[in-house]
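The numbers here are math on the coordinates, done by the rules we state, and not lab data. The shown structure was predicted, so the numbers you read here are calculated from the model rather than taken from an experiment.
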C-alpha cells in the first residue's frame, strides 16, 4: 500500500488523500487497473459547513480523461462543525497502469455562502508504472 498522503487546505478545510492500487481487482492483460482512494476531510475553521457536491477530474497515462460530477460523497452530504472530520473510501478504474485525480468539493457555510474547497491532485501509479509528475 502506498503511504503517500496528498493534502490541501482551503478556507480552513483540510482534505487529505491516499491512493491504493488494488491488485486483486486489476487485470493488466485486459488493460484494467483499479485503485481505492481514502479521503479525510477536516474542518479547521471556526464555522459549520456542509459538503453539497463533488467534481472529480481523472486522467490516465494514455491520455484518457473523464469528469465526475455529483451530489455529496458516497451517498452523504455531511455537515462539519469546527474540529469535525469525515472519512470515506471510494475507487476508480483506469485503462492504464498510471494516472492521477484531482477535484473540488462544493460547500455551503452556516451563513448560506457557497464556496469550493480543493482536493489535491494525487497519483494513481500501479506497481512497475513509470513514476513521474503527471
At 20 °C and 1.002 mPa s, the Stokes-Einstein diffusion coefficient in µm²/s for the chain, with hydrodynamic radius from the Kirkwood sum on alpha carbon pairs, is 139
Added length on full extension, which subtracts the Cα-Cα distance from 0.36 nm per residue, residue 65 to residue 79:
2.0 nm
Given a cut-off of under 8 Å on Cα pairs at least six residues apart, what relative contact order in percent is computed for the chain?
28
On a C-alpha basis, how far is the centre of the stretch 61-103 from the centre of the stretch 16-42 in Å? Whole number, if you could?
11
